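None of the figures in this text is laboratory data; all of them are computed from the coordinates on show. As the structure is a prediction and not an experimental result, all values here were calculated from the model. Reconstructed Cβ throughout: ideal geometry from the backbone, glycine too, with neighbour counts over all protein chains shown.
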Amino acid sequence: MPSTWWLKRKSYFMFMVRELTCLFVGGYALFLLILVSQLNDADGFAALLKNPLVIVLQVIALPMVLYHTVTWLNLTPKVLVIWRGESRVSPVLIAAAHYLAWLVVSVIILWIVSMYR
Amino acid sequence: MAKSNEPIWWSLFSAGGVVAAFFFPITIIITAIVCSADWISAAGLQKLAGHSLARLYLFVLISLPLFHWAHRFRYIGMDLGLKSLSGILPVVCYGAALLGTGLAVFFLVWA
Amino acid sequence: MAASEPTPSDKTVVLEVFRYRPEEEEEPTFQRYEVPYFEDWVVLDALNHIKDEIDGTLSFRWSCRMGVCGSCGMMVNGDPKLTCAAFLRDYHPATIRVEPLNYFPVVRDLVINMEDFLEKMTEVKAWLVPKEEKPVSEGEYRQTPAELAKYKQFSMCINCMLCYSACPVYGQNQSFLGPAAIALAQRYNLDSRDGATEERADVIFSHEGIWECTFVGDCTRVCPKNVDPAGAIQQAKVSATEDWYRSVLVPWGKRNVKST
């Protein structure tokens, strides 16, 4: 089977795109690691955050990371199977609950950060 | 056939996936857009990052997503049919994640 | 071979069919047939027309012609389908390419060797192993509707193997247990009457079991009975992980795999 099998069909291609988001997840984790290495250095910390290349890379990473989030949350009903009597809790409800949690968590973090401006 | 030890990597991958899914978008927005638009100063963010709870947050956001990347990247290698790398790839990937985790501990706890 | 190239009209459609006759040729070939086009015909109808009226040498499997036996699975324009459920009207007037199911050895024409799948069903013990044997005199093994609901979806599998032909992991490595075998294992693991979950665990929790799966999800996309084998596999991964942590953190504990 050729290693380009994933180009042959849309469902395969979207699968590979989803998998490749891990590069951006790993990349941002690496950026955070470099950032915290500058925790005690005010100039280094600020320089890293203001670096134009760093900003551009993050702007590119953001939609890819959002795609990771969306594909991940959409798949939660496949893993989280909850039974109420003879029927399953609706998969849509399970995914929706996760989206809500994502929204709440994001707002809380933004609020905490805003206290340090 | 015997039960595999894969669960350790899969659970780290899953945990990392959850952490990245919930926390990365807003954190990227903060470090990329918010800081450069001067809505928050780099100094302010640095002060926040120094707090012990923030250090824990940062550790979780570095370590677990690194394991997420490692596991997924290893399997991309397999999906692309790179059979010859099937022995070395897990070592390189999980090794890198462990190294990153170690460095994160060093920077956040020791330094 | 046809004397002239068939051209489709509103009343006909052309099928390009994979031919392989091991006693006649080393390599497979394709043969084009022009068949009548009807709004309500499926690819299986066209194949049966070819066999009855045009070329009796064409070999293929089929039985119920209504999507419950799982016999007539083939690749239609590169997509695994039950030919009794693939309507000509969804392809006409374009040529329809019919090939044997991907990733299985071809015996002849559109007939594949399904030994690998049958062996896997045996390996995972795809049958009921009662928790406690009891004689007929003691009555039936009883089950509530709620208990039935837990495994019902996975019991809809008709063993058509379309999921294997859709799975790129199986395509690269036929030692992978595959979607249907794992979904069937889950069907019995989740059955309240069954007691072989731990036995099956040694098979499905192995490297060739669930852990080869990268959740491409195409198996679920092509399944004609909405079994959702991808979902079954992910649930099995959760079970396997719980089992593994229990064995590591509580090694003296009773080994009793829970099937979620």
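If one computes the Cα centroid of region B:95-111 and of region C:76-152, what distance in Å separates the two points? Taking the Cα centre of region C:76-152 as reference, the centre of region B:95-111 is 49 Å away. In this structure, C:Asp202 and C:Leu249 have a Cβ-Cβ separation that, at R0 = 22 Å, corresponds to a calculated FRET efficiency of about 0.65.
Net charge near B:Gln46: determine it from the other residues with C-beta under 14 Å of the C-beta of B:Gln46, scoring Lys and Arg +1 and Asp and Glu -1. That sum, taken over residues with Cβ under 14 Å, equals +2. Counting only lysines at least 8 places from C:Lys152 when in the same chain, those with an alpha carbon closer than 17 Å to its own are A:Lys78, C:Lys225. The Kirkwood radius of region C:115-249, taken over pairs of alpha-carbon atoms, gives through the Stokes-Einstein law at 37 °C and 0.692 mPa s a diffusion coefficient of 214 µm² s⁻¹.
Here the protein assembly as shown is treated as an ellipsoid with the same Cα gyration tensor; its semi-axes, largest first and in whole Å, are 48, 30, 20. Relative to the longest principal axis of the Cα atoms of chain B, helix B:6-28 runs at roughly 30 degrees. The convex hull built on the alpha-carbon positions of region B:26-111 has an orientation-averaged projected area of 6.9 nm².
The Cα center of region B:50-84 and the Cα center of region A:1-55 differ in position by 11 Å.
The Cα trace of region A:31-117 gives Rg and Dmax of 18.7, 61 Å, the first to one decimal, the second as a whole number.
If the viscosity is 1.567 mPa s and the temperature 4 °C, what translational diffusion coefficient in µm²/s does Stokes-Einstein give for region C:18-118 when Rh comes from Kirkwood over Cα pairs? Walk me through the numbers before you get to the answer.
On the way: Rh = 14.0 Å.
Answer, rounded: 93 µm²/s.
Isolated cysteines of chain C, defined as having no other cysteine beta carbon under 4.7 Å away, are C:Cys72, C:Cys84, C:Cys157, C:Cys160, C:Cys167, C:Cys213, C:Cys223.
Think of it as helices only: each DSSP H run of n ≥ 4 in the protein assembly as shown is worth -39500 (n - 2.57), and spread over all residues that comes to -16500 deg cm²/dmol at 222 nm. The share of C-alpha pairs in region A:1-56 whose separation exceeds 19 Å stands at 50 percent. For C:Trp127 and C:Arg193, the difference between the fully extended length at 0.36 nm per residue and the C-alpha to C-alpha distance is 22.6 nm.
Averaging the sequence gap over all C-alpha pairs within less than 8 Å and six or more residues apart, then dividing by the number of residues, gives region C:115-249 a relative contact order of 31 percent.
Dimensions of chain C from C-alpha coordinates, computed as largest minus smallest value along each principal axis and given longest first, are 76, 40, 32 Å.
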